[in-house]
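The values are calculated or read from the model by the stated rules, or taken from the named source; none is laboratory data. These numbers come from a predicted model, not from an experiment. As a convention, Cβ positions derive from the backbone with ideal geometry for all residues, glycine included, and neighbour counts pool all protein chains shown. With ligands, DNA and RNA removed, areas are computed over all heavy atoms of the protein, side chains included. Shrake-Rupley method; radii C 1.70, N 1.55, O 1.52, S 1.80 Å.
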Amino acid sequence: MSLDGEYRFYGSLDKIQGALGERFLRCHKSFLVNIAQVLKFSGGRIVLQGGMEVPVSRSYVGSVKKRLLLEMR
């Protein structure tokens, strides 16, 4: 599996997130990220291993911060 890939999906991200489980984090209405690939969260963006940047929408900022803090334990 490639770490530097983008996967397009036409359907409900809620459904796919449910199927993928807790290892994926919703950060935007159009994006899910694998929590294990997150390097940092800064300036409204998540930076993934490999350098890809994914936007975090204002409506998800609180839940993203909370989840990342829980992962740091």
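Of the trypsin sites (Lys or Arg not before Pro) found in segment 5-69, the ones in coil according to DSSP and having at most 16 other Cβ atoms within 10 Å of their Cβ are ARG8, ARG23, LYS29. Relative to the Cα centre, the charge distribution of the chain, modelled as +1 at Lys and Arg Cβ and -1 at Asp and Glu Cβ, gives a dipole magnitude of about 320 debye. Across the chain, the mean sequence separation of Cα contacts (distance under 8 Å, 6 or more residues apart), normalised by length, yields a relative contact order of 23 percent. Lysine pair count for the chain (Cα-Cα distance under 17 Å; residues 8 or more apart in sequence or on different chains): 4.
Helical content alone sets the calculated 222 nm signal of the chain at -7500 deg cm²/dmol, taking -39,500 (n - 2.57) per DSSP H segment of four or more residues and averaging over every residue. Of the solvent-accessible surface of segment 1-58, computed with a 1.4 Å probe over protein heavy atoms with every protein chain present, carbon and sulfur atoms account for 51 percent.
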